[in-house]
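The values are calculated or read from the model by the stated rules, or taken from the named source; none is laboratory data. Quantities reported herein were computed from a predicted structural model and do not represent experimental measurements. Positions of Cβ are backbone-derived with ideal geometry, glycine not excepted, and every protein chain shown enters the neighbour counts.
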Amino acid sequence: MPKKVKDGKIQLSHAQLKRQIVDYLRWYKWLVIPINQGPFAYDGIADLYIIKYFSHGNKYFSHGNYQIWLEIKVGKDKQSKAQSKFEIDIINQGGRYWLVKSLEDLESYLRDYGLLQTKPIRERE
């Protein structure tokens, strides 16, 4: 259940926000790969890996396959040193890494990179 914070806003748990983001992206036909943490996981690996093919390009991406790592944080949570290192490793290899604190953050990234769709694929087919 969401918990309320002092300013009256509803704060989702990490699991709730992750579920919301996964559902949102899958609705728009992104391939969403949740990353399981464990003893053999890459130290600091992001929460989600998302992939989608677009036939158009823009100034940030060429047409084709878009691959992005998403790290989800809620409230005042911050990246660990291992997560910051993972972000740097991904960026140094030419990858995309987004730190997301809300569904609105995700939509903002998608809008800024020209990847926000106005209608779900299902409604356009």
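Here the condition is being polar (S, T, N, Q), at pLDDT below 95 and surrounded by 11 or more Cβ atoms within 10 Å (Cβ to Cβ); of Asn58, Asn36, it holds for Asn58 alone.
Can you tell me which residue among Lys85, Lys78 is modelled with pLDDT of 95 or more, assigned to a loop (DSSP other than H, G, I, E, B) and over 15 Å from the mean Cα position of the chain (by Cα)?
Working: Lys85 fails: assigned to a loop (DSSP other than H, G, I, E, B).
Testing whether each residue is modelled with pLDDT of 95 or more, assigned to a loop (DSSP other than H, G, I, E, B) and over 15 Å from the mean Cα position of the chain (by Cα) leaves just Lys78.
Hey, any hits in region 68-88 for a residue that's exposed (fewer than 14 other Cβ atoms within 10 Å of the Cβ) and under 16 Å from Leu25 (Cβ atoms)? No, every residue in region 68-88 fails to be exposed (fewer than 14 other Cβ atoms within 10 Å of the Cβ) and under 16 Å from Leu25 (Cβ atoms).
Out of the residues in region 1-25 that are of a type in the set (Lys, Arg) and at pLDDT 95 or above, which is surrounded by the most Cβ atoms within 10 Å (Cβ to Cβ)? Only one residue fits best here, namely Lys18.
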